[in-house]
1. Just flag the GluC sites (Glu not before Pro) in the range 271-346 sitting in loop per DSSP whose Cβ has no more than 12 other Cβ atoms within 10 Å.
2. Within a Cβ distance under 10 Å of residue 323, other residues only, what is the Lys/Arg minus Asp/Glu net charge?
3. Hey, what did the range 520-602 get for relative contact order, percent, Cα under 8 Å, at least 6 apart?
4. Suppose only helical runs count, i.e. DSSP H with n ≥ 4. What mean residue ellipticity at 222 nm does that imply for the chain under -39500 (n - 2.57) per run, divided by all residues and rounded to the nearest 500 deg cm²/dmol?
5. Which value, in Å² rounded to 10, gives the accessible area of residue 157 with a 1.4 Å probe and all protein chains present?
6. Which helices, taking whole DSSP H runs in the chain, have alpha carbons extending 15 angstrom or more along the helix axis plus mean Kyte-Doolittle at least -1.0?
7. Please grab the % of Cα pairs in the chain that end up more than 33 Å from each other.
8. Just need the relative contact order of the chain here, percent rounded to a whole number, with Cα pairs under 8 Å and 6+ apart.
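The values are calculated or read from the model by the stated rules, or taken from the named source; none is laboratory data. Just so we're clear, the structure is a prediction, and the values are computed from it rather than from any experiment. Cβ atoms come from the backbone with ideal geometry, glycine included; neighbour counts cover every protein chain shown. Accessible surface areas use protein heavy atoms only, side chains included; no ligands, DNA or RNA. Shrake-Rupley method; radii C 1.70, N 1.55, O 1.52, S 1.80 Å.
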Amino acid sequence: MNRKNLNAFLAAGLSSAMSLGIAAPPGTGQTPDSKPSAVHHSSAGSLENWWKNAVIYEIYPRSFQDSNGDGIGDLNGITAHLDYLQKLGVDAIWITPCYPSPQVDFGYDISDYEAIDPQYGTMADFDRLVAEAKKHNIRVVMDMVMNHSSDKHKWFLESRSSRDNPKRNWYVWRDGKGETATDKGQPPNNWQSDFGHSAWEWDEKTRQYYYHKFYIQQPDFNWNNPAVEKAFDDILNFWMKKGVAGFRFDAITTLFEDPQWRDDKELKDKEGKTYLNAYGDVALDDAMTNNLPQVYDVLQHVRKVEDSVNPNTFPGRRVMIGETYVPTVKDLLNMYGTKEKPEFELPMDTQLGFINKLNVATFRSKLDDVETKIEGNEPLLVFDNHDNPRIDARYGDGVHDTDITRVISTILFASRGTSLFYYGAELGMKTTPPTRKDDVKDPVGLTGWPKDKGRDGERTPMQWDDSVNAGFSKAKPWLPVPPNKAEINVKAEESDPNSLLNWYEALIKLKKTNPAFLSGENVMLNTDDPKVLSWLRRGSDHSAVVVATNFTAEPQTVNLSAASAGVSGTKVKTLLKTPGAADPISIDKVELPAFGVYIGEVQ
Ligand code: NOJ
(Lines give C-alpha, C1' and ligand atoms only; values in the text may rest on other atoms or scores of the structure.)
Protein backbone atom coordinates (compact mmCIF):
# COMPACT_ATOMS: atom_id res chain seq x y z
CA MET A 1 0.00 0.00 0.00
CA ASN A 2 1.52 3.30 -0.93
CA ARG A 3 0.85 6.46 0.98
CA LYS A 4 -2.18 7.32 -1.14
CA ASN A 5 -3.74 3.96 -0.49
CA LEU A 6 -2.82 4.18 3.15
CA ASN A 7 -4.70 7.43 3.42
CA ALA A 8 -7.73 5.88 1.79
CA PHE A 9 -7.44 3.00 4.23
CA LEU A 10 -7.28 5.30 7.23
CA ALA A 11 -10.04 7.51 5.84
CA ALA A 12 -12.23 4.43 5.68
CA GLY A 13 -11.95 4.38 9.48
CA LEU A 14 -9.87 1.23 9.73
CA SER A 15 -7.06 1.87 12.15
CA SER A 16 -4.21 -0.59 12.19
CA ALA A 17 -4.80 -1.09 15.90
CA MET A 18 -8.34 -2.27 15.21
CA SER A 19 -7.07 -4.93 12.91
CA LEU A 20 -4.70 -6.55 15.37
CA GLY A 21 -5.20 -10.19 15.96
CA ILE A 22 -7.78 -10.71 13.27
CA ALA A 23 -7.85 -14.34 12.31
CA ALA A 24 -7.95 -15.21 8.64
CA PRO A 25 -10.90 -17.39 7.68
CA PRO A 26 -9.64 -20.95 7.26
CA GLY A 27 -8.28 -21.62 3.85
CA THR A 28 -8.04 -18.02 2.71
CA GLY A 29 -4.76 -16.45 1.74
CA GLN A 30 -2.89 -19.42 3.10
CA THR A 31 -0.01 -20.96 1.32
CA PRO A 32 0.34 -24.70 1.05
CA ASP A 33 3.25 -26.35 2.82
CA SER A 34 6.26 -24.97 1.02
CA LYS A 35 8.26 -27.47 -0.91
CA PRO A 36 12.01 -27.25 -0.45
CA SER A 37 13.38 -25.13 -3.28
CA ALA A 38 16.92 -24.31 -4.31
CA VAL A 39 19.11 -23.35 -1.37
CA HIS A 40 20.26 -19.78 -1.67
CA HIS A 41 23.89 -19.14 -0.97
CA SER A 42 24.84 -15.80 0.37
CA SER A 43 28.25 -14.36 -0.31
CA ALA A 44 27.81 -11.40 2.00
CA GLY A 45 31.09 -9.65 2.45
CA SER A 46 32.38 -10.31 -1.05
CA LEU A 47 32.87 -7.39 -3.41
CA GLU A 48 30.54 -8.93 -5.97
CA ASN A 49 27.74 -9.95 -3.64
CA TRP A 50 28.05 -7.65 -0.63
CA TRP A 51 24.43 -6.53 -1.10
CA LYS A 52 22.99 -10.02 -0.57
CA ASN A 53 21.80 -10.60 2.98
CA ALA A 54 23.03 -7.07 3.69
CA VAL A 55 21.64 -4.49 6.09
CA ILE A 56 20.90 -1.10 4.56
CA TYR A 57 20.06 1.92 6.70
CA GLU A 58 18.13 4.86 5.28
CA ILE A 59 19.29 8.29 6.42
CA TYR A 60 17.22 11.42 5.95
CA PRO A 61 20.22 13.77 6.18
CA ARG A 62 18.17 16.75 7.27
CA SER A 63 17.14 14.91 10.42
CA PHE A 64 20.09 12.72 11.42
CA GLN A 65 22.68 15.01 13.04
CA ASP A 66 23.34 18.72 12.73
CA SER A 67 27.07 19.40 13.03
CA ASN A 68 27.17 23.15 12.37
CA GLY A 69 24.40 24.47 14.57
CA ASP A 70 21.83 25.57 11.98
CA GLY A 71 19.08 23.17 13.04
CA ILE A 72 19.45 21.08 9.88
CA GLY A 73 21.28 17.76 9.71
CA ASP A 74 24.27 17.49 7.40
CA LEU A 75 26.89 15.15 5.93
CA ASN A 76 29.46 15.77 8.66
CA GLY A 77 26.74 14.79 11.11
CA ILE A 78 26.48 11.42 9.38
CA THR A 79 30.27 10.97 9.39
CA ALA A 80 30.27 11.61 13.13
CA HIS A 81 28.04 8.59 13.72
CA LEU A 82 29.75 5.93 11.62
CA ASP A 83 30.91 4.11 14.75
CA TYR A 84 27.29 3.85 15.86
CA LEU A 85 26.20 2.50 12.48
CA GLN A 86 29.02 0.00 12.35
CA LYS A 87 28.23 -1.30 15.82
CA LEU A 88 24.60 -1.70 14.80
CA GLY A 89 25.75 -3.89 11.91
CA VAL A 90 24.93 -1.63 8.98
CA ASP A 91 26.54 -2.55 5.63
CA ALA A 92 25.37 0.44 3.61
CA ILE A 93 23.66 3.76 4.14
CA TRP A 94 21.21 5.16 1.64
CA ILE A 95 21.21 8.95 1.91
CA THR A 96 18.08 10.68 0.60
CA PRO A 97 18.92 13.53 -1.81
CA CYS A 98 21.64 15.89 -0.63
CA TYR A 99 22.15 17.65 -3.99
CA PRO A 100 21.51 21.36 -4.43
CA SER A 101 17.79 21.93 -4.30
CA PRO A 102 15.27 24.67 -3.55
CA GLN A 103 14.00 22.10 -0.97
CA VAL A 104 10.37 22.37 -2.02
CA ASP A 105 10.21 18.58 -1.63
CA PHE A 106 13.22 18.49 0.72
CA GLY A 107 15.76 17.45 -1.87
CA TYR A 108 13.57 15.47 -4.27
CA ASP A 109 13.55 18.63 -6.41
CA ILE A 110 17.15 18.66 -7.64
CA SER A 111 18.67 21.72 -9.28
CA ASP A 112 22.17 20.28 -9.83
CA TYR A 113 22.86 16.56 -9.98
CA GLU A 114 26.62 16.80 -9.58
CA ALA A 115 27.06 18.89 -6.44
CA ILE A 116 26.18 18.98 -2.75
CA ASP A 117 23.64 21.40 -1.29
CA PRO A 118 25.50 23.86 0.97
CA GLN A 119 22.88 23.12 3.66
CA TYR A 120 24.35 19.64 3.88
CA GLY A 121 28.02 20.51 3.39
CA THR A 122 30.56 20.53 0.59
CA MET A 123 31.83 18.02 -1.93
CA ALA A 124 34.91 17.65 0.29
CA ASP A 125 32.57 16.67 3.16
CA PHE A 126 30.95 14.13 0.89
CA ASP A 127 34.29 12.65 -0.15
CA ARG A 128 35.34 12.46 3.48
CA LEU A 129 32.08 10.68 4.38
CA VAL A 130 32.67 8.07 1.68
CA ALA A 131 36.29 7.58 2.77
CA GLU A 132 35.47 7.33 6.46
CA ALA A 133 32.54 5.03 5.77
CA LYS A 134 34.89 2.73 3.89
CA LYS A 135 37.07 2.51 6.99
CA HIS A 136 33.96 1.28 8.81
CA ASN A 137 33.19 -1.16 5.98
CA ILE A 138 30.06 0.84 5.22
CA ARG A 139 29.02 1.66 1.67
CA VAL A 140 27.25 4.82 0.59
CA VAL A 141 24.19 4.61 -1.68
CA MET A 142 22.87 7.80 -3.29
CA ASP A 143 19.29 8.65 -4.13
CA MET A 144 18.78 9.17 -7.86
CA VAL A 145 15.76 11.11 -9.04
CA MET A 146 15.37 10.53 -12.76
CA ASN A 147 11.64 11.14 -13.09
CA HIS A 148 11.83 14.89 -12.60
CA SER A 149 14.14 17.76 -11.69
CA SER A 150 13.52 21.01 -9.89
CA ASP A 151 11.93 23.74 -11.96
CA LYS A 152 15.07 25.73 -11.04
CA HIS A 153 17.40 23.24 -12.74
CA LYS A 154 19.18 24.97 -15.62
CA TRP A 155 17.78 22.36 -18.02
CA PHE A 156 14.22 23.28 -17.15
CA LEU A 157 14.97 27.00 -17.15
CA GLU A 158 16.23 26.52 -20.72
CA SER A 159 13.34 24.26 -21.61
CA ARG A 160 10.76 26.82 -20.58
CA SER A 161 12.59 29.75 -22.17
CA SER A 162 11.16 29.15 -25.67
CA ARG A 163 9.43 26.48 -27.70
CA ASP A 164 12.46 26.07 -29.95
CA ASN A 165 15.06 25.84 -27.21
CA PRO A 166 17.19 22.66 -27.64
CA LYS A 167 16.15 21.56 -24.14
CA ARG A 168 12.42 22.01 -24.83
CA ASN A 169 11.97 18.33 -25.52
CA TRP A 170 13.80 17.26 -22.36
CA TYR A 171 10.55 17.77 -20.44
CA VAL A 172 6.91 16.91 -21.17
CA TRP A 173 5.11 19.81 -22.85
CA ARG A 174 1.61 19.70 -24.36
CA ASP A 175 -0.98 22.08 -25.74
CA GLY A 176 -4.07 22.59 -23.68
CA LYS A 177 -7.52 21.52 -24.78
CA GLY A 178 -9.42 24.29 -26.52
CA GLU A 179 -6.50 26.68 -26.16
CA THR A 180 -6.60 29.89 -28.22
CA ALA A 181 -4.25 32.85 -28.62
CA THR A 182 -5.90 34.46 -25.60
CA ASP A 183 -7.20 31.52 -23.58
CA LYS A 184 -5.11 28.74 -22.00
CA GLY A 185 -8.01 26.33 -22.38
CA GLN A 186 -8.06 23.19 -20.23
CA PRO A 187 -5.16 20.90 -19.28
CA PRO A 188 -4.41 18.24 -21.93
CA ASN A 189 -6.15 15.51 -19.88
CA ASN A 190 -7.32 14.63 -16.35
CA TRP A 191 -4.00 13.35 -14.96
CA GLN A 192 -3.38 14.23 -11.34
CA SER A 193 -0.25 14.93 -9.38
CA ASP A 194 0.50 12.51 -6.55
CA PHE A 195 0.69 15.63 -4.41
CA GLY A 196 -2.82 16.79 -5.36
CA HIS A 197 -4.69 18.51 -8.19
CA SER A 198 -3.88 18.60 -11.90
CA ALA A 199 -0.52 17.22 -13.02
CA TRP A 200 -0.38 19.93 -15.68
CA GLU A 201 0.96 23.43 -15.08
CA TRP A 202 0.36 26.27 -17.51
CA ASP A 203 3.43 28.18 -18.65
CA GLU A 204 2.32 31.63 -19.77
CA LYS A 205 5.54 32.55 -21.59
CA THR A 206 5.53 29.67 -24.05
CA ARG A 207 1.76 29.04 -23.80
CA GLN A 208 1.86 25.29 -23.17
CA TYR A 209 1.35 23.01 -20.19
CA TYR A 210 4.15 21.00 -18.61
CA TYR A 211 3.59 17.72 -16.81
CA HIS A 212 4.57 17.08 -13.18
CA LYS A 213 3.75 13.77 -11.51
CA PHE A 214 4.72 15.32 -8.19
CA TYR A 215 4.86 18.96 -7.09
CA ILE A 216 4.47 21.87 -9.54
CA GLN A 217 8.16 22.64 -8.95
CA GLN A 218 9.09 19.09 -10.07
CA PRO A 219 8.65 18.96 -13.88
CA ASP A 220 8.90 15.45 -15.35
CA PHE A 221 11.67 14.58 -17.77
CA ASN A 222 10.74 13.29 -21.20
CA TRP A 223 12.25 9.81 -21.19
CA ASN A 224 11.39 9.34 -24.85
CA ASN A 225 14.25 11.72 -25.56
CA PRO A 226 17.60 9.83 -25.75
CA ALA A 227 19.44 12.99 -24.63
CA VAL A 228 17.85 12.61 -21.20
CA GLU A 229 19.15 9.07 -20.88
CA LYS A 230 22.63 10.20 -21.92
CA ALA A 231 22.59 13.01 -19.35
CA PHE A 232 21.81 10.52 -16.60
CA ASP A 233 24.56 8.15 -17.79
CA ASP A 234 26.99 10.96 -17.10
CA ILE A 235 25.48 11.68 -13.68
CA LEU A 236 25.61 8.03 -12.63
CA ASN A 237 29.22 7.76 -13.76
CA PHE A 238 30.13 10.95 -11.92
CA TRP A 239 28.97 9.50 -8.58
CA MET A 240 30.25 5.99 -9.21
CA LYS A 241 33.72 7.43 -9.82
CA LYS A 242 33.40 9.02 -6.39
CA GLY A 243 33.04 5.57 -4.89
CA VAL A 244 29.32 5.32 -4.23
CA ALA A 245 28.04 1.76 -4.03
CA GLY A 246 24.89 2.32 -6.03
CA PHE A 247 21.66 4.23 -6.20
CA ARG A 248 18.14 4.10 -4.90
CA PHE A 249 16.03 5.04 -7.90
CA ASP A 250 13.23 7.37 -6.91
CA ALA A 251 9.75 7.18 -8.45
CA ILE A 252 11.15 4.84 -11.07
CA THR A 253 7.78 3.42 -12.10
CA THR A 254 6.57 6.83 -13.27
CA LEU A 255 9.21 7.66 -15.89
CA PHE A 256 6.78 7.21 -18.78
CA GLU A 257 3.31 8.44 -19.61
CA ASP A 258 0.70 7.01 -21.94
CA PRO A 259 1.83 7.92 -25.49
CA GLN A 260 -1.81 8.52 -26.44
CA TRP A 261 -2.36 10.88 -23.49
CA ARG A 262 -5.58 9.11 -22.48
CA ASP A 263 -7.47 10.11 -19.33
CA ASP A 264 -7.05 8.12 -16.12
CA LYS A 265 -10.14 6.29 -14.87
CA GLU A 266 -12.21 7.46 -11.92
CA LEU A 267 -12.13 5.15 -8.91
CA LYS A 268 -15.38 3.96 -7.35
CA ASP A 269 -16.20 3.32 -3.70
CA LYS A 270 -18.07 0.26 -2.38
CA GLU A 271 -21.38 1.74 -3.53
CA GLY A 272 -20.02 2.22 -7.01
CA LYS A 273 -19.78 6.00 -6.63
CA THR A 274 -16.86 8.26 -7.39
CA TYR A 275 -15.27 9.85 -4.33
CA LEU A 276 -12.85 12.60 -3.35
CA ASN A 277 -9.30 11.92 -2.16
CA ALA A 278 -7.52 13.71 0.72
CA TYR A 279 -6.72 16.63 -1.58
CA GLY A 280 -10.39 17.09 -2.47
CA ASP A 281 -9.91 15.81 -6.04
CA VAL A 282 -12.02 13.11 -7.67
CA ALA A 283 -10.01 9.94 -6.95
CA LEU A 284 -8.43 8.43 -10.08
CA ASP A 285 -6.30 5.41 -10.77
CA ASP A 286 -2.96 6.31 -12.35
CA ALA A 287 -2.72 3.60 -14.97
CA MET A 288 -1.74 6.11 -17.68
CA THR A 289 1.22 7.50 -15.75
CA ASN A 290 2.53 4.65 -13.63
CA ASN A 291 4.06 1.23 -14.23
CA LEU A 292 4.27 1.60 -18.01
CA PRO A 293 6.40 -1.18 -19.54
CA GLN A 294 8.78 1.22 -21.31
CA VAL A 295 10.57 1.64 -17.99
CA TYR A 296 12.20 -1.80 -18.33
CA ASP A 297 14.32 -0.59 -21.28
CA VAL A 298 15.66 2.24 -19.15
CA LEU A 299 16.40 -0.13 -16.27
CA GLN A 300 18.29 -2.51 -18.54
CA HIS A 301 20.27 0.40 -19.90
CA VAL A 302 21.11 1.76 -16.43
CA ARG A 303 22.15 -1.71 -15.32
CA LYS A 304 24.65 -1.79 -18.19
CA VAL A 305 26.03 1.55 -17.03
CA GLU A 306 26.44 0.24 -13.51
CA ASP A 307 27.87 -3.07 -14.70
CA SER A 308 30.51 -1.19 -16.71
CA VAL A 309 32.25 -0.21 -13.47
CA ASN A 310 34.98 -2.54 -12.26
CA PRO A 311 33.59 -4.22 -9.14
CA ASN A 312 36.91 -5.60 -7.93
CA THR A 313 37.77 -2.85 -5.52
CA PHE A 314 35.70 -1.41 -2.67
CA PRO A 315 32.78 -0.69 -2.80
CA GLY A 316 32.53 -3.57 -5.29
CA ARG A 317 29.42 -4.12 -7.39
CA ARG A 318 27.34 -1.01 -7.80
CA VAL A 319 23.74 -1.91 -7.05
CA MET A 320 20.43 -0.61 -8.28
CA ILE A 321 17.78 -0.32 -5.59
CA GLY A 322 14.27 0.46 -6.78
CA GLU A 323 11.46 2.43 -5.21
CA THR A 324 9.07 -0.10 -6.65
CA TYR A 325 5.51 0.31 -5.48
CA VAL A 326 4.10 -2.27 -7.87
CA PRO A 327 0.75 -4.03 -7.61
CA THR A 328 1.71 -7.73 -7.80
CA VAL A 329 4.62 -10.08 -7.17
CA LYS A 330 4.72 -10.68 -10.93
CA ASP A 331 5.41 -6.97 -11.43
CA LEU A 332 8.08 -7.19 -8.74
CA LEU A 333 9.72 -10.09 -10.58
CA ASN A 334 9.72 -8.00 -13.76
CA MET A 335 11.73 -5.37 -11.93
CA TYR A 336 14.62 -7.84 -11.52
CA GLY A 337 14.72 -8.47 -15.27
CA THR A 338 16.19 -11.70 -16.56
CA LYS A 339 19.65 -13.22 -16.67
CA GLU A 340 20.07 -11.94 -20.23
CA LYS A 341 18.51 -8.57 -19.50
CA PRO A 342 19.06 -7.78 -15.83
CA GLU A 343 17.48 -4.77 -14.16
CA PHE A 344 17.38 -4.00 -10.42
CA GLU A 345 19.42 -6.12 -8.04
CA LEU A 346 17.16 -4.92 -5.26
CA PRO A 347 13.67 -3.69 -6.10
CA MET A 348 11.90 -2.96 -2.82
CA ASP A 349 9.25 -5.46 -1.79
CA THR A 350 6.58 -2.94 -0.87
CA GLN A 351 3.94 -5.67 -1.12
CA LEU A 352 4.98 -7.02 2.27
CA GLY A 353 6.28 -3.93 4.00
CA PHE A 354 3.37 -1.63 3.43
CA ILE A 355 0.45 -3.96 4.10
CA ASN A 356 -0.10 -1.82 7.19
CA LYS A 357 -2.17 -4.47 8.89
CA LEU A 358 -0.97 -7.18 11.26
CA ASN A 359 -2.61 -10.13 9.61
CA VAL A 360 -0.75 -13.43 9.79
CA ALA A 361 -2.18 -14.93 6.62
CA THR A 362 -1.31 -11.89 4.53
CA PHE A 363 2.21 -11.66 5.91
CA ARG A 364 2.72 -15.38 5.34
CA SER A 365 1.52 -15.27 1.80
CA LYS A 366 3.57 -12.16 0.92
CA LEU A 367 6.71 -13.60 2.51
CA ASP A 368 6.19 -16.85 0.71
CA ASP A 369 5.76 -14.93 -2.56
CA VAL A 370 9.28 -13.53 -2.36
CA GLU A 371 10.62 -16.92 -1.45
CA THR A 372 8.94 -18.89 -4.21
CA LYS A 373 7.85 -16.49 -6.96
CA ILE A 374 10.85 -14.29 -7.72
CA GLU A 375 13.06 -17.00 -9.20
CA GLY A 376 15.70 -17.02 -6.48
CA ASN A 377 16.42 -13.31 -6.75
CA GLU A 378 17.33 -11.46 -3.58
CA PRO A 379 14.28 -9.98 -1.81
CA LEU A 380 14.66 -6.45 -0.47
CA LEU A 381 12.47 -6.30 2.61
CA VAL A 382 11.49 -2.92 4.04
CA PHE A 383 8.86 -1.70 6.51
CA ASP A 384 9.47 2.00 6.84
CA ASN A 385 10.78 5.07 5.08
CA HIS A 386 10.49 8.85 4.96
CA ASP A 387 7.17 8.72 3.08
CA ASN A 388 5.12 6.54 5.40
CA PRO A 389 4.15 6.77 9.06
CA ARG A 390 6.57 4.81 11.24
CA ILE A 391 5.91 1.29 12.50
CA ASP A 392 4.01 2.46 15.62
CA ALA A 393 1.41 4.30 13.55
CA ARG A 394 0.84 1.47 11.08
CA TYR A 395 1.13 -1.64 13.21
CA GLY A 396 1.11 -0.48 16.81
CA ASP A 397 -1.77 -0.63 19.29
CA GLY A 398 -0.43 2.06 21.62
CA VAL A 399 0.18 -0.54 24.35
CA HIS A 400 2.57 -3.12 22.90
CA ASP A 401 4.37 -0.96 20.35
CA THR A 402 7.87 -2.05 21.39
CA ASP A 403 6.98 -5.73 21.18
CA ILE A 404 5.15 -5.21 17.91
CA THR A 405 8.32 -3.59 16.56
CA ARG A 406 10.20 -6.70 17.70
CA VAL A 407 7.78 -8.76 15.60
CA ILE A 408 8.21 -6.58 12.52
CA SER A 409 12.00 -6.37 12.88
CA THR A 410 12.21 -10.14 13.23
CA ILE A 411 10.38 -10.53 9.95
CA LEU A 412 12.74 -7.96 8.45
CA PHE A 413 16.02 -9.52 9.60
CA ALA A 414 15.23 -13.21 10.12
CA SER A 415 13.75 -13.79 6.66
CA ARG A 416 15.86 -14.50 3.62
CA GLY A 417 16.89 -11.32 1.87
CA THR A 418 18.43 -7.92 2.22
CA SER A 419 16.99 -5.75 4.99
CA LEU A 420 16.37 -2.03 4.66
CA PHE A 421 15.25 0.13 7.55
CA TYR A 422 14.78 3.77 8.38
CA TYR A 423 16.81 5.76 10.91
CA GLY A 424 15.31 5.69 14.37
CA ALA A 425 13.37 2.46 13.82
CA GLU A 426 15.99 0.75 15.94
CA LEU A 427 15.00 3.02 18.83
CA GLY A 428 11.26 2.69 18.36
CA MET A 429 10.94 6.33 17.31
CA LYS A 430 7.29 7.25 16.96
CA THR A 431 5.40 9.09 14.27
CA THR A 432 4.87 12.62 15.53
CA PRO A 433 2.78 14.62 13.04
CA PRO A 434 2.32 18.38 13.38
CA THR A 435 -0.72 19.48 15.34
CA ARG A 436 -1.20 22.83 13.57
CA LYS A 437 -1.18 23.56 9.85
CA ASP A 438 1.15 26.50 10.51
CA ASP A 439 3.86 24.08 11.61
CA VAL A 440 3.66 21.85 8.52
CA LYS A 441 6.81 21.72 6.38
CA ASP A 442 5.98 18.97 3.88
CA PRO A 443 4.13 20.19 0.78
CA VAL A 444 1.94 17.07 0.95
CA GLY A 445 0.69 18.16 4.38
CA LEU A 446 0.15 21.72 3.23
CA THR A 447 -2.09 20.58 0.38
CA GLY A 448 -3.72 17.69 2.22
CA TRP A 449 -4.35 19.31 5.63
CA PRO A 450 -6.16 18.21 7.73
CA LYS A 451 -6.94 14.83 6.13
CA ASP A 452 -3.34 14.24 5.14
CA LYS A 453 -0.91 15.90 7.55
CA GLY A 454 2.02 15.07 5.31
CA ARG A 455 5.25 13.31 6.09
CA ASP A 456 6.79 15.53 8.78
CA GLY A 457 5.69 13.05 11.45
CA GLU A 458 8.15 10.41 10.26
CA ARG A 459 11.00 12.88 9.63
CA THR A 460 11.57 14.25 13.14
CA PRO A 461 15.17 14.54 14.40
CA MET A 462 17.10 11.43 15.40
CA GLN A 463 16.97 10.99 19.17
CA TRP A 464 20.56 10.58 20.34
CA ASP A 465 20.18 11.41 24.03
CA ASP A 466 18.00 13.18 26.56
CA SER A 467 19.67 16.59 26.27
CA VAL A 468 18.11 19.66 24.66
CA ASN A 469 16.96 18.74 21.14
CA ALA A 470 17.88 15.11 21.84
CA GLY A 471 21.50 15.77 20.92
CA PHE A 472 20.47 16.38 17.31
CA SER A 473 21.37 20.08 17.20
CA LYS A 474 22.39 23.00 19.37
CA ALA A 475 19.97 25.20 17.42
CA LYS A 476 16.20 24.93 17.07
CA PRO A 477 15.70 21.83 14.89
CA TRP A 478 13.91 22.23 11.56
CA LEU A 479 11.21 19.88 12.93
CA PRO A 480 10.42 19.59 16.64
CA VAL A 481 11.93 16.75 18.69
CA PRO A 482 9.19 14.42 19.98
CA PRO A 483 8.45 14.67 23.72
CA ASN A 484 9.35 10.98 24.26
CA LYS A 485 13.08 11.70 23.79
CA ALA A 486 13.68 11.08 27.52
CA GLU A 487 12.98 7.34 27.13
CA ILE A 488 13.49 6.81 23.42
CA ASN A 489 17.10 7.71 22.64
CA VAL A 490 20.37 6.02 21.74
CA LYS A 491 22.15 6.74 25.01
CA ALA A 492 19.38 5.37 27.23
CA GLU A 493 18.84 2.32 25.04
CA GLU A 494 22.51 1.46 24.78
CA SER A 495 22.63 0.91 28.51
CA ASP A 496 19.41 -1.11 28.74
CA PRO A 497 19.96 -4.77 27.78
CA ASN A 498 16.25 -5.15 27.01
CA SER A 499 16.01 -2.10 24.77
CA LEU A 500 14.84 -2.18 21.19
CA LEU A 501 18.25 -0.90 20.10
CA ASN A 502 19.95 -3.93 21.63
CA TRP A 503 17.30 -6.16 20.08
CA TYR A 504 18.08 -4.77 16.61
CA GLU A 505 21.79 -5.23 17.18
CA ALA A 506 21.34 -8.83 18.32
CA LEU A 507 19.05 -9.67 15.41
CA ILE A 508 21.43 -8.17 12.87
CA LYS A 509 24.31 -10.09 14.40
CA LEU A 510 22.35 -13.32 14.03
CA LYS A 511 21.52 -12.45 10.43
CA LYS A 512 25.19 -12.04 9.65
CA THR A 513 26.69 -14.89 11.64
CA ASN A 514 24.24 -17.75 11.97
CA PRO A 515 24.77 -20.28 9.13
CA ALA A 516 21.04 -20.83 8.62
CA PHE A 517 20.49 -17.08 8.31
CA LEU A 518 23.47 -16.65 6.02
CA SER A 519 22.51 -19.25 3.48
CA GLY A 520 19.11 -20.59 4.39
CA GLU A 521 15.90 -20.62 2.45
CA ASN A 522 12.64 -19.69 4.18
CA VAL A 523 10.08 -22.43 4.72
CA MET A 524 6.78 -21.43 6.26
CA LEU A 525 5.62 -23.55 9.22
CA ASN A 526 2.12 -24.03 10.66
CA THR A 527 0.58 -22.53 7.57
CA ASP A 528 -2.97 -22.61 8.96
CA ASP A 529 -2.14 -20.77 12.18
CA PRO A 530 -4.04 -17.47 12.16
CA LYS A 531 -2.25 -16.02 15.19
CA VAL A 532 1.42 -16.88 14.98
CA LEU A 533 3.66 -16.53 11.96
CA SER A 534 6.36 -19.20 12.10
CA TRP A 535 9.04 -20.22 9.69
CA LEU A 536 12.20 -22.21 9.32
CA ARG A 537 15.56 -21.11 7.98
CA ARG A 538 17.28 -24.13 6.60
CA GLY A 539 20.98 -23.64 5.88
CA SER A 540 22.96 -25.26 3.11
CA ASP A 541 25.04 -26.89 5.86
CA HIS A 542 21.85 -28.54 7.23
CA SER A 543 21.63 -26.06 10.09
CA ALA A 544 18.05 -25.17 10.97
CA VAL A 545 16.60 -22.25 12.87
CA VAL A 546 12.93 -21.82 13.74
CA VAL A 547 11.33 -18.42 14.15
CA ALA A 548 7.91 -17.64 15.66
CA THR A 549 6.19 -14.27 15.98
CA ASN A 550 2.96 -13.78 17.90
CA PHE A 551 0.63 -11.36 16.09
CA THR A 552 -1.81 -11.13 19.00
CA ALA A 553 -2.05 -9.42 22.39
CA GLU A 554 -2.63 -12.79 24.11
CA PRO A 555 0.03 -15.40 24.94
CA GLN A 556 0.16 -18.26 22.44
CA THR A 557 1.73 -21.72 22.48
CA VAL A 558 3.03 -23.19 19.23
CA ASN A 559 4.54 -26.40 17.99
CA LEU A 560 7.59 -25.51 15.91
CA SER A 561 8.42 -29.02 14.82
CA ALA A 562 9.80 -28.76 11.31
CA ALA A 563 9.57 -32.45 10.47
CA SER A 564 7.27 -31.64 7.54
CA ALA A 565 10.13 -29.61 6.10
CA GLY A 566 12.59 -32.46 6.56
CA VAL A 567 14.16 -31.28 9.83
CA SER A 568 13.99 -34.11 12.33
CA GLY A 569 15.52 -32.51 15.47
CA THR A 570 13.26 -32.08 18.48
CA LYS A 571 15.42 -30.05 20.79
CA VAL A 572 15.80 -26.36 20.41
CA LYS A 573 18.41 -23.93 21.67
CA THR A 574 17.29 -20.35 22.16
CA LEU A 575 19.13 -17.79 20.06
CA LEU A 576 16.93 -14.78 20.78
CA LYS A 577 13.54 -14.21 22.42
CA THR A 578 11.39 -11.39 23.69
CA PRO A 579 12.76 -10.28 27.07
CA GLY A 580 11.06 -12.21 29.87
CA ALA A 581 9.81 -15.06 27.67
CA ALA A 582 10.34 -18.63 28.81
CA ASP A 583 12.90 -21.00 27.28
CA PRO A 584 11.04 -23.94 25.75
CA ILE A 585 11.78 -27.42 26.97
CA SER A 586 10.80 -28.94 23.68
CA ILE A 587 10.26 -27.75 20.12
CA ASP A 588 6.63 -28.84 20.18
CA LYS A 589 5.69 -26.46 22.97
CA VAL A 590 7.03 -22.96 22.55
CA GLU A 591 5.29 -20.31 24.62
CA LEU A 592 5.11 -16.80 23.32
CA PRO A 593 3.99 -13.78 25.34
CA ALA A 594 1.78 -11.10 23.78
CA PHE A 595 3.45 -10.08 20.51
CA GLY A 596 6.34 -12.30 21.55
CA VAL A 597 9.16 -13.54 19.35
CA TYR A 598 11.14 -16.75 19.62
CA ILE A 599 14.19 -17.73 17.55
CA GLY A 600 15.85 -21.06 18.23
CA GLU A 601 18.30 -23.47 16.65
CA VAL A 602 16.96 -26.97 16.08
CA GLN A 603 19.27 -29.64 17.43
C1 NOJ B 1 9.42 9.37 -3.66
C2 NOJ B 1 10.21 9.97 -2.54
O3 NOJ B 1 10.51 8.97 -1.61
C4 NOJ B 1 9.35 11.08 -1.97
O5 NOJ B 1 9.85 11.56 -0.75
C6 NOJ B 1 9.26 12.16 -3.01
O7 NOJ B 1 8.42 13.18 -2.54
C8 NOJ B 1 8.71 11.61 -4.33
N9 NOJ B 1 9.29 10.35 -4.70
C10 NOJ B 1 8.99 12.57 -5.44
O11 NOJ B 1 10.35 12.59 -5.72
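1. Passing both the DSSP loop test and the Cβ count: 271, 340.
2. Local net charge: -2.
3. In percent, rounded to a whole number, it is 31.
4. -6500 deg cm²/dmol
5. 80 Å²
6. 123-135, 226-241, 295-307, 360-372, 401-414, 500-513
7. 44 percent
8. With pairs under 8 Å counted, the relative contact order is 16 percent.
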